[in-house]
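Peer 1: Have a look at this one before I ask anything.
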Ligand SMILES: [Fe+2]
């Protein structure tokens, strides 16, 4: 059987890498660029670094700083209309996952005469996106290394994927030095969930596995350090790589029922994506242990847990509990602490049932299993 693994785009990486944006934009042939960002990246001066770098090589810039959480469709449409009107030949997104997803969506909308609804509901577009560069300022979504923009349909309260591949990404760990503790934890746990789901999806490959294990190792070792010392560069450096590798891993494999559930928690209770991902990760581990016992054991080993038993349910429970302990030590809140009742969480059943990602795992998730998985999130943490 012939299988595939992907490489996506080139990444410029290291302290101060953001200052090479102009040089990279020039390499790509950009003359007039739309910069997509949020107020946060603007206030911290990161956006200005990009503008300064572009000015040095005489590239004209226009700013779109209206990014909102979860990349709402109407914001993508607004940014896309500016890109069309201004006839830009390149786009640069700088910020967290929402800014990067918004950039991907804008790049796609800008080259296609179509409504935003059709763009996010009707699959690949006729024309390729405008070329774009992504610069993450958090370490979690890995959006800079995936080919899909996740955009929110605000009328139907659902998240949809739209194919849009970056031309280049710039990873500058210095941009994450100021991230507060909670955002550091939630984004890193998002990356952790990308790894566990990628390893246990229906189509993992040696390349995606390798990246996932490496990313988990970096998160387990360096996330506690980053939480204790917010300005520890080595920790930020490792978390930036972990996020990027985890993104490449699930871009090549896929996420599955964990993200279907995290999306439902986000849509229903507006909880941060990384919290939803963290809460569901131990449940995914227990669910997939019977089919992936060696991989789950290896996750445990990376976390310092040796499982002697060959009983798959023991393997799953032991490693899942190690992840729960890790989450507790980092302050990830439980459903109860978030004010979500058991009844609330069970009300996500229909959403998860209709979420296509729920079918992409390496184990079958029947309709009847969904309430049990949701209940376990509440009961076991
Ligand atoms: Fe995610």
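The values are calculated or read from the model by the stated rules, or taken from the named source; none is laboratory data. Fair warning: this is a prediction, and the values are worked out from it, not measured in the lab. Positions of Cβ are backbone-derived with ideal geometry, glycine not excepted, and every protein chain shown enters the neighbour counts.
Peer 1: I'd like to check something: does the range 256-278 contain any residue that is more than 17 Å from the chain's Cα centre (by Cα) and either more than 15 Å from the ligand (Cβ to nearest atom) or surrounded by 22 or more Cβ atoms within 10 Å (Cβ to Cβ) (or both)? Don't jump to the end; show me each part of the working.
Peer 2: If we filter the range 256-278 for residues that are more than 17 Å from the chain's Cα centre (by Cα), which is where we start, we get 268-269.
Now restrict to residues that are either more than 15 Å from the ligand (Cβ to nearest atom) or surrounded by 22 or more Cβ atoms within 10 Å (Cβ to Cβ) (or both): 268-269.
There is at least one residue in the range 256-278 that is more than 17 Å from the chain's Cα centre (by Cα) and either more than 15 Å from the ligand (Cβ to nearest atom) or surrounded by 22 or more Cβ atoms within 10 Å (Cβ to Cβ) (or both).
Peer 1: Still on this model: Out of the residues in the range 171-193 meeting the condition of being more than 16 Å from the ligand (Cβ to nearest atom) and more than 20 Å from residue 94 (Cβ to Cβ), tell me which one is surrounded by the fewest Cβ atoms within 10 Å (Cβ to Cβ). Steps first, please.
Peer 2: To start, the set of residues in the range 171-193 that are more than 16 Å from the ligand (Cβ to nearest atom) comprises 171-182.
Within this subset, residues satisfying the condition of being more than 20 Å from residue 94 (Cβ to Cβ) are 181-182.
Details: 181: 13, 182: 16.
Among those residues, the one meeting the criterion is 181.
Peer 1: If you check 331, 361, which single one turns out to be within 18 Å of residue 192 (Cβ to Cβ) and surrounded by 19 or more Cβ atoms within 10 Å (Cβ to Cβ)? Full working, then the answer.
Peer 2: Values: 331 fails: surrounded by 19 or more Cβ atoms within 10 Å (Cβ to Cβ).
Among 331, 361, only 361 is within 18 Å of residue 192 (Cβ to Cβ) and surrounded by 19 or more Cβ atoms within 10 Å (Cβ to Cβ).
Peer 1: Are any residues in the range 225-257 in contact (Cβ under 8 Å) with a residue 60 or more places away in the chain, in contact with a strand residue (DSSP E or B) (Cβ under 8 Å, 6 or more places away or on another chain) and either over 17 Å from residue 139 (Cα atoms) or assigned to a loop (DSSP other than H, G, I, E, B) (or both), and if so, which ones?
Peer 2: Within the range 225-257, 254, 255, 256, 257 qualify.
Peer 1: Exactly one condition in (1) within 30 Å of residue 269 (Cα to Cα); (2) not in a strand (DSSP E or B) is not met by residue 162; state its number.
Peer 2: (2)
Listed here are the residues, each with its yes/no results for (1) in the same structural domain as residue 225 (by TED's automatic domain parsing); (2) closer than 28 Å to residue 152 by Cβ; (3) in contact with a strand residue (DSSP E or B) (Cβ under 6 Å, 6 or more places away or on another chain); (4) in contact (Cβ under 8 Å) with a residue 24 or more places away in the chain.
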site: 312; (1), (2), (3), (4): yes, no, no, no
site: 317; (1), (2), (3), (4): yes, no, no, yes
site: 331; (1), (2), (3), (4): yes, yes, no, yes
site: 349; (1), (2), (3), (4): yes, yes, no, yes
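Peer 1: Given the conditions (1) outside any loop (DSSP other than H, G, I, E, B); (2) in contact with a helix residue (DSSP H, G or I) (Cβ under 8 Å, 6 or more places away or on another chain), and given that residue 70 satisfies all but one, which numbered condition is not satisfied?
Peer 2: (1)
Peer 1: Sticking with this one: If the requirement is being within 29 Å of residue 297 (Cα to Cα), touching a helix residue (DSSP H, G or I) at 6+ places or on another chain (Cβ under 6 Å) and not in a helix (DSSP H, G or I), which of these qualifies: 198, 193, 139? Even if it seems obvious, please write down each step before you answer.
Peer 2: Details: 198 fails: not in a helix (DSSP H, G or I); 193 fails: not in a helix (DSSP H, G or I).
The conditions single out 139.
Peer 1: Would you check which residues across the range 142-159 are within 15 Å of the ligand (Cβ to nearest atom) and part of a loop (DSSP other than H, G, I, E, B) and list them? Spell out how you get there, then give the answer.
Peer 2: First pass over the range 142-159, keeping only residues within 15 Å of the ligand (Cβ to nearest atom): 142-152, 159.
Those that are within 15 Å of the ligand (Cβ to nearest atom) and part of a loop (DSSP other than H, G, I, E, B): 142, 146, 147.
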